[in-house]
Amino acid sequence: MADDDPDRRCMDGMSLDELRAEIESIDQELVELIARRTYVAETVADVKRERDLPTTDERQEERVMERAGENAQRFGVDDNLVKATFRLLIELNKVEQRDNR
């Protein structure tokens, strides 16, 4: 986050317990988003299976990774960390798709 980010300024005066509570809340949101993404990925897998499409779509994976890098830059987050996270999500989804075929 940039130093002039209002969220960062608000957090400067928070206690350690308040900061940890904020992290706990963010962690819950992350898990909820991962669950939502996983559900949609499972639905994509169903469509692929119905249409007899391959599990892997390298062009789509490249687009996802490009978006991940762009979003990381937009939010001032290490793009290697974000891309590694997305790579893991993609690989786990592909394993799940293969197992369910």
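Worth pointing out:
- Residue-by-residue Karplus 3J(HN,Hα) for segment 66-71, coefficients 6.51, -1.76, 1.60, Hz, glycine and proline x: 4, 4, 4, x, 5, 5
- Computed from phi, the 3J(HN,Hα) profile of segment 25-32 under the Karplus parametrisation 6.51, -1.76, 1.60 (θ = phi - 60°) reads 5, 5, 4, 5, 4, 4, 5, 4 Hz, with x in place of Gly and Pro.
- Segment LYS48-ASN80, length gained on full extension (0.36 nm per residue, minus Cα span): 8.6 nm
- Pairwise Cα distances in segment 10-101 exceed 24 Å for 36 percent of all pairs.
- Mean separation of Cα contacts under 8 Å (6+ apart) over length of the chain, as relative contact order %: 28 percent
- Segment 41-52 - phi-based ³J(HN,Hα) in whole Hz, Karplus 6.51/-1.76/1.60, Gly and Pro as x: 4, 5, 5, 4, 4, 4, 5, 4, 5, 4, 9, 6
- At R0 = 30 Å, FRET efficiency that the Cβ-Cβ distance of ALA35 and SER15 yields, to 0.05: 0.50
- Computed [θ] at 222 nm, deg cm²/dmol, the chain (DSSP H ≥ 4; -39,500 (n - 2.57); rounded to nearest 500): -27500 deg cm²/dmol
Each reported figure results from applying straightforward, stated rules to the coordinates on display, with no laboratory input. Every value quoted in this text rests on a predicted model; they were computed, and no experiment measured them. Neighbour counts run over all protein chains shown; Cβ positions are idealised from the backbone, glycine included.
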